[in-house]
Amino acid sequence: MPGGAAKVAARSSNKAFCLDGAHLRGSWNGVILTITTTDANNNINLCAFAVVREENAKSYEYLLGKAMGSKRMKKFLNATTTTCFTDNDKGADAAMNKLAPLTEVRHCLEHILRSCRIWVKHGKTHAYEAAKSSTEPEFLACMECLHDISPTAHDKLDAIPHERWAYYAGRQNVCWLQVNSNPAESMNKTLLELRGKPIFDLVHGCIMLIAKRLFDASELKKDDQSQVHTPFATAHFDEASRTSRKHNASPLGGGKWFVTDTKTGATHGHKASIKWASSQSRGPPEMDCTCGVPKKMQLPCSHLLAVAKAQKKTKRTLSLINKNFEMKAYRDLASAHPVDLPASSSLEKDSSKKGPKMVKRPGAKSPTPTRRILKRVRSKGEEPARRKKRTRTRK
């Protein structure tokens, strides 16, 4: 585990990581287990990896135990403010409960929907909206929409404990609207070519990948002095600024504001509040909104920007962005600890230990390739084609 990647993961504003494994390809048998996170620019980073014989609880304990050898990673991996996403693997859950009992463990929503056989026609979009909901009424409204489309899909998803996949039922940590283990799946695809190489080349390639991503982060927008925050935070802030023009904020008293949408004319809205820091204190302003975006992402939402406009403090809206999204802090964090590449002399091969061999079972039949037949869907009003009757002629 390179030290630079550990520091980026521990000090990232997104307090979530993914734990997953991928099988090696070719003649090499085994599994590569990875711990992936996202940085302040929403880039995927490989924090730690291990090549093991099989994917089970013992292998995940080996990976977590080695990763927790770093003090920074130990505080990050085992904390009440951290969330771990797994693909519903029993070994990963058992290892997390043993070595990181303080961390919240949630399952990937995409794997849950596949196991329940819930597809787009069954209301998959409403399931994702329900998982990202910040409050229970919003969650129940999305589940009601799912029930109207497919009652069976609603019953299957509702039977799973909500704290395993829904944001509102958990600890509501900073996880950037993440409800699945897509960072780990993307990293597995990135390592697809390396997974077919020998073990030494695989390890060297993974460390080279970590070093390249840290170098790219340290050189991001280095010549552009006008770029104050990361492109990810800037794009989010610009989108929230455009949306805030459609909002209307009215005071409720006690520092709280009620924000409604003027375009749709809806009577319901969100309650938002901003407590600006005084000129003497250098701390960031305190912000809160019932939409949950400021708490999830440490970035201002469109409702907070509408409140700042009503308070005539639009010049101070950039102070609502967390300091971890600043370009200077982002580049300094990536370049603080360089990654040392292992020399060929430090990699030793033990010929006495051999990997398991794939042996064909006696009497097992070789799989026959199957052909998938696709049927064309008839349009509305189109009559089915009639087959011509074959007539037999007698000689």
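Starting from the Cα gyration tensor of segment 231-325, take the square roots of the eigenvalues, sort them a ≥ b ≥ c, and report rounded, prolate or oblate (rounded when a/c is under 1.5, otherwise prolate if a/b is larger than b/c, else oblate). Cα axes put segment 231-325 in the oblate bin. For the listed residue pairs Lys66/Lys221; Lys221/Lys246; Lys132/Lys275; Lys15/Lys66, the alpha carbons are over 24 angstrom apart in Lys66/Lys221; Lys221/Lys246; Lys132/Lys275. Karplus-based coupling profile of segment 100-115, in residue order and whole Hz: 9, x, 7, 7, 6, 10, 10, 9, 5, 5, 5, 5, 5, 5, 5, 5, with θ = phi - 60° in 6.51 cos²θ - 1.76 cosθ + 1.60 and x standing for Gly or Pro. Taking square-rooted eigenvalues a ≥ b ≥ c of the alpha carbon gyration tensor, is segment 118-159 rounded, prolate or oblate, where a/c under 1.5 means rounded and, failing that, a/b exceeding b/c means prolate? It is prolate, given that a/c is not under 1.5 and a/b is the larger ratio.
Across segment 82-93, rounded Karplus estimates of 3J(HN,Hα) from the backbone phi angles (6.51 cos²θ - 1.76 cosθ + 1.60, θ = phi - 60°) give 10, 10, 10, 10, 10, 8, 6, 7, 5, x, 5, 5 Hz, Gly and Pro being marked x.
Read-outs throughout are calculated quantities, based only on the coordinates presented, and are distinct from any laboratory measurement. Keep in mind the model is a prediction, meaning the values are calculated, not measured.
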